[in-house]
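Computed from the coordinates by the stated procedures, all read-outs in this text should not be read as laboratory data. Since this is a predicted model, take the numbers as computed values, not measurements. Cβ placement follows ideal geometry from the backbone for every residue including glycine, while neighbour counts extend to all protein chains displayed.
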Amino acid sequence: MSDTHITRMKDLPSTHLLGAGTALCAGCGGLETLKEVYDILGPNTVFVNAAGCMTLMSIYPFTPFRGSWLYTAMASAPAGAQGIRDALDIMKKKGRLPADQDTQVVVLTGDGSASGMGLSATSGAIDRNLDFIYLCYDNEGYGNTGQQTSAETPLGARTSTDAVGVGFPREKKDLFSIWAANRPAYVATVIGSEPVDLAKKIEKARDMKGPRLIISLAPCPTGWGYTPEKTIDIGRLAVKTGVWPLKEYVDGKVTHTVVPGSRRPVEEYLALQGRFAHLFEPARNETLLAEIQQRVDDYWQGVSAAQVPA
Amino acid sequence: MRKLLTGNGAAAWGARLADVDYIPAFPITPQTEIIEDLGRWTASGEMPAHMVTLDSEHSMLTAAGAAAAAGARTFSATSSQGLLYGMEMLYTIAGWRAPFVLVNVSRALAAPVTLEPDHSDILAARDSGFLQIHCATCQEVLDSILMAYRLAEHPDIRLPVIVNLDGFYLSFTREPVTLPEPGDVTVFLPPVNEEFAHFRRDKPVSHAVSVLGGGPYSYFRYEMHLASQRALSVYPEIAADFESKFGRRHDMLECYRTEDADIVFVMMGSFATKAKDAVDRLRNSGEKVGLVRPRLLRPFPAEAICQALADRRGIAILDQNLSMGMGGVLYSEITAALFRLHLPSPPVATSFIGGLGGRDIRTEEFFEIFKVTAEAADSGKVPPPRLLYTEQELREMRKLQAIAQVEESELIRLEEAGT
């Protein structure tokens with residue numbers, strides 16, 4: 001028996017919960033993910049938000065959420081989740097809250113908070129085995145302030161603080177492994193352009209207890225330099241080129257849920273984005289292109305047969 | 001029941017008697033004893049609350065605010081660097097209108113780092129939206145926590161409250177403390193009104209959302225300010241109710257031997273007990289002197305302060321804090337309040353900074369302060385603010401500097417000798 005119920009596009013919810021008309025940018029990959037995640041989690045949720053793009057989701061007196069929302073600060077959304085989870089548990093235990101009025105607590109932050117300022121609070125929440133879902137939309141920079149370099153900016157990407165030369169000269173931080181090393185209940189990568197894979201993982205995470213992390217690569221038209229209609233194409237290429245491996249961690253084991261059969265060259269993904277344009281114009285930077293391709297190749301070389309579904 | 005308790009012990013008992021649900025915690029000297037007591041009681045089941053240690057004070061305050069907004073009666077405690085580390089969240093959760101009680105055990109701020117007290121930490125939180133009650137005795141700590149929950153949870157206020165006590169001088173000093181009967185406390189402080197509980201399934205809310213523009217922003221900030229000010233009329237009701245149930249009265253201001261006083265000392269916290277002793281001695285030698293000790297600092301009880309001070313000849317304001325480049329915080333607040341009265345002949349107000357980093361204020365210094373203030377009242381000439389420091393202290397400091405110098409020269413000499 002499968003532990004999820006969604007197996008194909010037809011199984012995805014046909015009605016959508018998240019309200020339209022928010023202040024987010026057209027083509028926002030993070031919003032695309034949130035919309036898909038919300039459809040699976042349902043309205044009985046409280047999103048605990050940190051400073052970032054999503055802070056503009058709810059602007060007084062409007063909200064796109066049918067459930068609850070609490071904006072905290074950039075560094076401490078997981079601690080806000082702790083306070084709400086604990087309060088609800090205490091009130092249930094003391095008979096002041098009927099069990100059916102309980103709510104799923106979901107932290108929602110960008111990569112700037114998830115892999116930088118919020119790591120202390122996140123680490124504490126994992127230590128305490130907090131029962132929550134952490135949804136990180138990773139747009140590989142401080143997107144809300146104009147795409148400055150963050151801990152998740154990848155090699156060769158130009159940002160507004162690495163705006164010249166080769167762009168950001170170092171590695172993207174591996175948040176997946178940081179979490180997995182501490183043996184939480186669940187860690188998964190997803191992307192909005194692969195909605196079935198995403199839905200399966202959210203469905204699985206929804207019914208678990210303990211700390212659960214979902215990292216979504218969030219293509220960002222304004223920060224990555226492309227027109228909004230390309231969000232889906234770029235997302236699909238991130239998977240097909242192997243740049244964004246779709247995987248999950250459960251019970252000490254990492255499994256790749258989508259394995260690109262013959263990986264497309266990474267430059268197909270890079271060439272669509274203004275932040276990598278310097279790799280192609282005025283002249284091709286063959287060294288850096290090869291280096292980026294090599295890193296992706298090395299990653300997949302390291303993926304053992306045991307990490308791939310049969 | 002009477003018990004010999006430290007200030008920290010009294011704070012822990014305050015939380016226990018208030019029947020709190022939730023205690024997010026983080027250790028810091030000199031506050032840690034509070035959460036150790038609470039940790040022991042929650043683990044043994046003597047106290048039906050849940051305590052959790054967070055990764056920082058910033059997280060601790062976030063969790064406290066979130067839990068209070070969700071409807072749990074919440075208590076927390078911190079001190080000094082911890083209060084400042086959580087400063088962003090003090091402002092934030094006050095804006096959430098999340099009512100809970102935070103005990104701050106005052107400790108001077110780095111740098112240089114020290115463990116001993118002054119009020120620089122708590123006054124840094126002055127404008128956060130938290131109400132502030134300053135205590136001088138262990139009994140007052142316990143009683144103020146119970147009163148603070150009434151204030152915080154009052155439907156017209158809905159703001160968090162800090163109860164402040166001085167590190168070491170009060171946190172580690174044992175005094176006999178009367179513990180109210182839990183049954184009587186429940187009557188004084190009924191369970192949390194869950195009308196305001198958020199986030200449960202049947203009461204979804206988007207809380208602490210963004211605003212666009214200064215209009216809505218100002219509205220919400222003004223609402224906080226007005227709610228804080230409403231505490232000025234609510235506080236006396238709570239104090240009267242507390243007195244009727246427990247027989248102890250804690251006003252916004254403590255006025256000690258002020259009835260006919262010409263000269264009045266003004267200071268906050270446990271060091272004010274030193275001023276009381278000086279008042280008694282000066283009274284014994286025939287001087288008309290008293291003490292005014294503000295307990296409620298936020299909201300600022302301007303009217304009560306003016307009433308207590310306007311008719312004096314001289315006021316000596318002792319600040320156990322130092323706003324760098326300006327001077328004493330209490331001094332500027334009190335003189336501003338008096339200035340608004342536009343008195344034809346206002347009292348002279350002298351400013352003294354003392355007790356920084358736990359430095360003692362000796363009785364002779366109070367005598368000197370009295371003398372300087374009385375002379376100013378006679379002459380109408382107000383001396384500049386004075387930083388309390390003795391020649392003896394300066395001599396001791398010079399000795400330390402000399403040792404540092406000798407040690408440094410010795411290191412250089414050894415280095416040059418190649419050893």
- Item | Inter-probe distance in nm under a simple model that places probes 7 Å from Cα toward Cβ, at A:L12 and B:L115 | 6.0
- Query: What's the center-to-center distance, using Cα atoms, between segment A:83-137 and segment B:228-253 in Å?
  - Reply: 37
- Let me have the relative contact order for chain B, percent, based on Cα pairs under 8 Å that are six or more residues apart. 15
- Using modelled backbone amide H atoms (1.01 Å from N, in-plane), which distant-in-sequence or interchain residues come within less than 5 Å of B:A349's amide H? B:I315
- Task: Among A:C136, A:I202, A:N285, flag the residue with its Cα farthest along the positive direction of the charge dipole of chain A, charges on Cβ as +1 for Lys/Arg and -1 for Asp/Glu.
- Result: A:I202
- Inter-chain shielding of A:95-105 (mean C-beta neighbours from other protein chains, 10 Å cut-off): 4
- Task: Return the sequence-ordered ³J(HN,Hα) values of segment A:171-178 in whole Hz as given by the Karplus equation 6.51 cos²θ - 1.76 cosθ + 1.60 applied to θ = phi - 60°, using x for Gly and Pro.
- Result: 8, 6, 6, 9, 5, 3, 6, 4
- Task: Could you calculate the FRET efficiency of B:R281 with A:E268 from 1/(1 + (r/R0)^6), where r is the beta carbon distance between them and R0 is 56 Å, rounded to 0.05?
- Result: 0.05
- Query: Which far-off residues, 5 or more places away or on another chain, put their amide H under 5 Å from the one on B:A108, with H placed in the peptide plane?
  - Reply: B:E116, B:D118, B:G357
- Of B:V185, B:T74, B:L109, which is farthest along the charge dipole of segment B:61-216 in the positive direction, counting Lys and Arg as +1 and Asp and Glu as -1 at C-beta? B:T74
- Task: Compute the FRET efficiency between A:H5 and B:E303 as 1/(1 + (r/R0)^6), taking r as their Cβ-Cβ distance and R0 = 60 Å, and round to the nearest 0.05.
- Result: 0.35
- Message: Averaged over its residues, how many other protein chain Cβ atoms are within 10 Å of peptide B:191-204's Cβ atoms?
- Response: 6
- Query: Over segment A:134-197, with a single point scatterer placed on each C-alpha, what log10 of the ratio I(q)/I(0) does the Debye formula yield at q = 0.23, 0.26, 0.28, 0.29 1/Å?
  - Reply: -0.99, -1.08, -1.13, -1.16
- Message: Defining a contact as two alpha carbons under 8 Å apart and six or more residues distant in sequence, what relative contact order in percent does segment B:221-364 show?
- Response: 23
- Task: Please give the contour-minus-distance gain from A:D251 to A:K94: 0.36 nm per residue of separation, less the Cα-Cα distance, rounded to one decimal in nm.
- Result: 53.3 nm
- Between B:M397 and B:L232, what is the FRET efficiency for a Förster distance of 45 Å, r being their Cβ-Cβ separation, to the nearest 0.05? 0.55
- For segment B:246-330, listing GluC sites (Glu not before Pro) in a DSSP loop whose Cβ sees at most 12 other Cβ atoms within 10 Å gives B:E259
- Query: By per-residue mean of other Cβ atoms within 10 Å, what is the highest-first order of B:96-108, A:20-32, B:22-34?
  - Reply: B:96-108, B:22-34, A:20-32
- Magnitude of the Cβ-charge dipole (Lys and Arg +1, Asp and Glu -1) of chain B about the Cα centre, nearest 20 debye, reported as 700
- Query: What is the dipole size for the protein assembly as shown, taken about its Cα centre, with +1 at each Lys and Arg Cβ and -1 at each Asp and Glu Cβ, in debye to the nearest 20?
  - Reply: 1160
- Item | A:K94, A:K200 arranged by Cβ crowding within 10 Å, fewest neighbours leading | A:K94, A:K200
- Let me have the 222 nm mean residue ellipticity of chain B computed from DSSP H runs of 4+ only, each contributing -39500 (n - 2.57), with the sum over all residues rounded to the nearest 500. -14500 deg cm²/dmol
- Query: Per-residue HN-Hα couplings for segment B:160-170, Karplus 6.51 cos²θ - 1.76 cosθ + 1.60 at θ = phi - 60°, whole Hz, x for Gly and Pro?
  - Reply: x, 10, 9, 9, 10, 9, 7, x, 6, 4, 10
- Task: Starting from the Cα of A:D233, step 7 Å along the direction of its Cβ; do the same at B:D127; then give the gap between the two resulting points in nm.
- Result: 5.1
- Task: Would you mind giving the average projected area, over all directions, of the Cα convex hull of segment B:28-153 in nm² with one decimal?
- Result: 7.6
- How large is ³J(HN,Hα), in whole Hz, for each residue of segment B:211-227 in order, when computed from phi with the Karplus curve 6.51 cos²θ - 1.76 cosθ + 1.60 and θ = phi - 60°, using x for Gly and Pro? 10, 10, x, x, x, x, 4, 4, 4, 5, 5, 4, 4, 5, 4, 5, 4
- Message: Applying a 10 Å radius around every beta-carbon, put B:183-195, A:52-64, A:136-148, B:160-172 in order of their mean neighbour count, most first.
- Response: B:160-172, A:136-148, A:52-64, B:183-195
- Compute the length gained on full extension between B:D360 and B:T173: take 0.36 nm times their separation in residues and subtract their Cα-Cα distance, giving the result in nm to one decimal. 65.8 nm
- Would you mind putting A:178-185, A:117-124 in packing order, based on average other-beta-carbon counts within 10 Å, highest first? A:117-124, A:178-185
- Message: Between segment B:312-351 and segment A:168-199, how far is it from one alpha carbon centroid to the other, in angstrom?
- Response: 58
- Would you pull out the residues with amide H under 5 Å of A:N49's amide H, same chain only if 5 or more places away, H placed 1.01 Å from N? A:L70, A:Y71, A:T72, A:L108
- Just tell me how shielded A:164-170 is by partners: mean number of partner chain Cβ atoms within 10 Å of each residue's Cβ, no decimals. 0
- Message: At 7 Å along Cα-to-Cβ for each site, give me the label-to-label distance between B:T186 and B:H225 in nm.
- Response: 4.2
- Query: Per-residue ellipticity at 222 nm for chain A, helices alone: DSSP H runs ≥ 4 residues times -39500 (n - 2.57), over residue total, nearest 500 deg cm²/dmol?
  - Reply: -9000 deg cm²/dmol
